Amino acid sequence: MIDLNNESNSPADELGLVRLATFALEQLRIHPEAELSILLVDPAVMTEYHERFMNEPGPTDVLSFPMDEMRPGKNNEEPPLGVLGDIVLCPEVTAAQAEEHGRTADEEAEYLLIHGLLHLLGFDHAEPEEKAIMFGLNDKIIAEWAKARE
(Lines give C-alpha, C1' and ligand atoms only; values in the text may rest on other atoms or scores of the structure.)
Protein backbone atom coordinates (compact mmCIF):
# COMPACT_ATOMS: atom_id res chain seq x y z
CA MET A 1 0.00 0.00 0.00
CA ILE A 2 1.35 3.39 -1.00
CA ASP A 3 0.30 6.48 0.91
CA LEU A 4 1.16 9.94 -0.45
CA ASN A 5 0.58 13.16 1.49
CA ASN A 6 1.32 16.52 -0.08
CA GLU A 7 1.92 18.87 2.84
CA SER A 8 3.82 21.32 0.64
CA ASN A 9 2.42 24.43 -0.99
CA SER A 10 3.64 23.18 -4.36
CA PRO A 11 1.63 21.34 -6.98
CA ALA A 12 2.81 17.83 -7.74
CA ASP A 13 1.74 14.95 -9.95
CA GLU A 14 0.64 12.93 -6.95
CA LEU A 15 -1.11 10.20 -8.95
CA GLY A 16 1.92 9.92 -11.24
CA LEU A 17 4.26 9.48 -8.29
CA VAL A 18 2.06 6.75 -6.79
CA ARG A 19 1.89 4.99 -10.17
CA LEU A 20 5.67 5.18 -10.55
CA ALA A 21 6.20 3.84 -7.03
CA THR A 22 3.83 0.95 -7.78
CA PHE A 23 5.68 0.22 -11.03
CA ALA A 24 9.09 0.37 -9.32
CA LEU A 25 7.99 -1.98 -6.53
CA GLU A 26 6.85 -4.46 -9.18
CA GLN A 27 10.17 -4.14 -11.03
CA LEU A 28 12.07 -4.71 -7.78
CA ARG A 29 9.85 -7.68 -6.83
CA ILE A 30 8.53 -6.15 -3.63
CA HIS A 31 5.20 -7.50 -2.41
CA PRO A 32 2.32 -5.33 -3.74
CA GLU A 33 0.96 -4.95 -0.20
CA ALA A 34 4.27 -3.69 1.24
CA GLU A 35 3.75 -0.33 2.92
CA LEU A 36 5.38 2.83 1.58
CA SER A 37 4.77 6.41 2.66
CA ILE A 38 5.63 9.38 0.44
CA LEU A 39 5.55 12.84 2.00
CA LEU A 40 5.92 16.11 0.09
CA VAL A 41 7.04 19.03 2.26
CA ASP A 42 8.07 22.67 1.99
CA PRO A 43 11.73 23.75 2.30
CA ALA A 44 11.35 24.82 5.96
CA VAL A 45 10.14 21.36 6.98
CA MET A 46 12.78 19.65 4.83
CA THR A 47 15.47 21.84 6.42
CA GLU A 48 14.28 20.75 9.86
CA TYR A 49 14.38 17.06 8.86
CA HIS A 50 17.75 17.42 7.13
CA GLU A 51 19.32 19.08 10.16
CA ARG A 52 17.70 16.79 12.74
CA PHE A 53 18.25 13.44 11.03
CA MET A 54 21.30 14.00 8.81
CA ASN A 55 23.06 16.75 10.77
CA GLU A 56 23.33 18.73 7.52
CA PRO A 57 22.30 22.37 6.99
CA GLY A 58 19.54 23.60 4.71
CA PRO A 59 16.90 21.77 2.73
CA THR A 60 17.64 18.77 0.55
CA ASP A 61 15.71 17.15 -2.28
CA VAL A 62 14.92 13.72 -0.81
CA LEU A 63 15.29 11.85 2.47
CA SER A 64 14.55 8.18 3.14
CA PHE A 65 13.65 6.62 6.46
CA PRO A 66 13.66 2.80 6.21
CA MET A 67 11.59 0.65 8.53
CA ASP A 68 11.89 -3.09 7.84
CA GLU A 69 15.13 -4.31 6.28
CA MET A 70 13.68 -5.17 2.90
CA ARG A 71 15.67 -6.01 -0.23
CA PRO A 72 14.60 -6.58 -3.84
CA GLY A 73 13.07 -10.01 -4.34
CA LYS A 74 14.71 -12.76 -6.35
CA ASN A 75 13.02 -14.24 -9.43
CA ASN A 76 12.48 -17.63 -7.80
CA GLU A 77 11.08 -16.50 -4.45
CA GLU A 78 7.94 -14.93 -3.06
CA PRO A 79 8.27 -11.12 -2.94
CA PRO A 80 8.88 -9.86 0.60
CA LEU A 81 6.06 -8.22 2.55
CA GLY A 82 6.67 -5.54 5.15
CA VAL A 83 6.95 -1.83 5.82
CA LEU A 84 9.44 -0.15 3.49
CA GLY A 85 9.42 3.20 5.28
CA ASP A 86 9.07 6.86 4.37
CA ILE A 87 10.33 8.94 1.46
CA VAL A 88 10.26 12.71 1.99
CA LEU A 89 10.49 14.92 -1.11
CA CYS A 90 10.71 18.69 -1.30
CA PRO A 91 9.03 19.83 -4.56
CA GLU A 92 10.53 23.34 -4.40
CA VAL A 93 14.08 22.00 -4.13
CA THR A 94 13.32 19.38 -6.78
CA ALA A 95 12.01 22.01 -9.21
CA ALA A 96 14.98 24.30 -8.58
CA GLN A 97 17.53 21.60 -9.42
CA ALA A 98 15.65 19.95 -12.30
CA GLU A 99 17.09 22.19 -15.01
CA GLU A 100 20.71 21.51 -14.01
CA HIS A 101 19.97 17.79 -14.48
CA GLY A 102 18.27 18.36 -17.84
CA ARG A 103 14.85 17.29 -16.56
CA THR A 104 11.45 18.79 -15.98
CA ALA A 105 10.32 19.25 -12.37
CA ASP A 106 8.09 16.16 -12.68
CA GLU A 107 10.94 14.08 -14.16
CA GLU A 108 13.25 15.18 -11.35
CA ALA A 109 10.63 14.24 -8.76
CA GLU A 110 10.29 10.82 -10.41
CA TYR A 111 14.05 10.30 -10.42
CA LEU A 112 14.32 11.29 -6.76
CA LEU A 113 11.38 9.09 -5.78
CA ILE A 114 13.22 6.07 -7.20
CA HIS A 115 16.44 7.26 -5.55
CA GLY A 116 14.67 7.39 -2.19
CA LEU A 117 13.05 4.01 -2.75
CA LEU A 118 16.41 2.41 -3.51
CA HIS A 119 17.77 3.82 -0.25
CA LEU A 120 14.84 2.17 1.58
CA LEU A 121 15.91 -1.12 -0.01
CA GLY A 122 19.47 -0.84 1.26
CA PHE A 123 21.20 0.74 -1.72
CA ASP A 124 23.75 3.47 -1.11
CA HIS A 125 26.21 5.64 -3.04
CA ALA A 126 28.96 6.32 -0.52
CA GLU A 127 31.51 4.30 -2.50
CA PRO A 128 32.09 4.46 -6.28
CA GLU A 129 31.05 0.83 -6.85
CA GLU A 130 27.87 1.28 -4.79
CA LYS A 131 27.11 4.51 -6.62
CA ALA A 132 27.46 2.84 -10.02
CA ILE A 133 25.06 0.06 -9.00
CA MET A 134 22.49 2.35 -7.40
CA PHE A 135 22.46 5.03 -10.09
CA GLY A 136 22.45 2.38 -12.82
CA LEU A 137 19.38 0.75 -11.30
CA ASN A 138 17.75 4.17 -10.83
CA ASP A 139 18.30 4.96 -14.53
CA LYS A 140 17.05 1.51 -15.58
CA ILE A 141 13.78 1.84 -13.65
CA ILE A 142 13.18 5.35 -15.02
CA ALA A 143 13.85 4.11 -18.59
CA GLU A 144 11.47 1.16 -18.13
CA TRP A 145 8.86 3.54 -16.70
CA ALA A 146 9.20 5.78 -19.78
CA LYS A 147 8.71 2.75 -22.07
CA ALA A 148 5.69 1.56 -20.09
CA ARG A 149 3.99 4.95 -20.51
CA GLU A 150 4.46 5.04 -24.31
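For first residues located in the range 97-119 and charged (D, E, K, R), partners that are surrounded by 22 or more Cβ atoms within 10 Å (Cβ to Cβ) and lie 6+ apart or on another chain with Cβ distances below 6 Å form the pairs E108/T94; E110/L20. Out of all the residues in the range 51-72, is one or more crowded, with 16+ Cβ neighbours inside 10 Å, over 15 Å from the mean Cα position of the chain (by Cα) and farther than 24 Å from A146 by Cα? Yes, the range 51-72 contains at least one residue that is crowded, with 16+ Cβ neighbours inside 10 Å, over 15 Å from the mean Cα position of the chain (by Cα) and farther than 24 Å from A146 by Cα.
Go through the range 8-44 and give me each residue that's touching a strand residue (DSSP E or B) at 6+ places or on another chain (Cβ under 8 Å) and closer than 12 Å to E92 by Cα. Matches in the range 8-44: S8, S10, A12, L40, V41. Residues of the range 15-29 that are in contact with a Leu (Cβ under 6 Å, 6 or more places away or on another chain) and free of Cβ contacts under 8 Å to residues at least 24 places away in the same chain: V18 alone. Pick from the range 20-50 the residues that are surrounded by fewer than 18 Cβ atoms within 10 Å (Cβ to Cβ), in contact with a helix residue (DSSP H, G or I) (Cβ under 9 Å, 6 or more places away or on another chain) and at pLDDT 95 or above: which of them is nearest to E107 (Cα to Cα)? So, considering only residues that are surrounded by fewer than 18 Cβ atoms within 10 Å (Cβ to Cβ), in contact with a helix residue (DSSP H, G or I) (Cβ under 9 Å, 6 or more places away or on another chain) and at pLDDT 95 or above, the one nearest to E107 (Cα to Cα) is F23. Restricted to the range 73-87, and to residues there that are loosely packed, with under 12 Cβ neighbours inside 10 Å and charged (D, E, K, R), the residue that is nearest to A98 (Cα to Cα) is K74.
Pairing residues of the range 123-138 that are within 19 Å of I87 (Cα to Cα) with residues that are loosely packed, with under 15 Cβ neighbours inside 10 Å and of a type in the set (D, E), at Cβ distances under 8 Å and at least 6 apart in sequence or on separate chains, gives F123/E130; D124/E130; M134/D124.
The values are calculated or read from the model by the stated rules, or taken from the named source; none is laboratory data. Because the structure is predicted, anything quoted here is derived from the model rather than measured. Glycine gets a Cβ as well: all are built from the backbone with ideal geometry, and neighbour counts include every protein chain shown.
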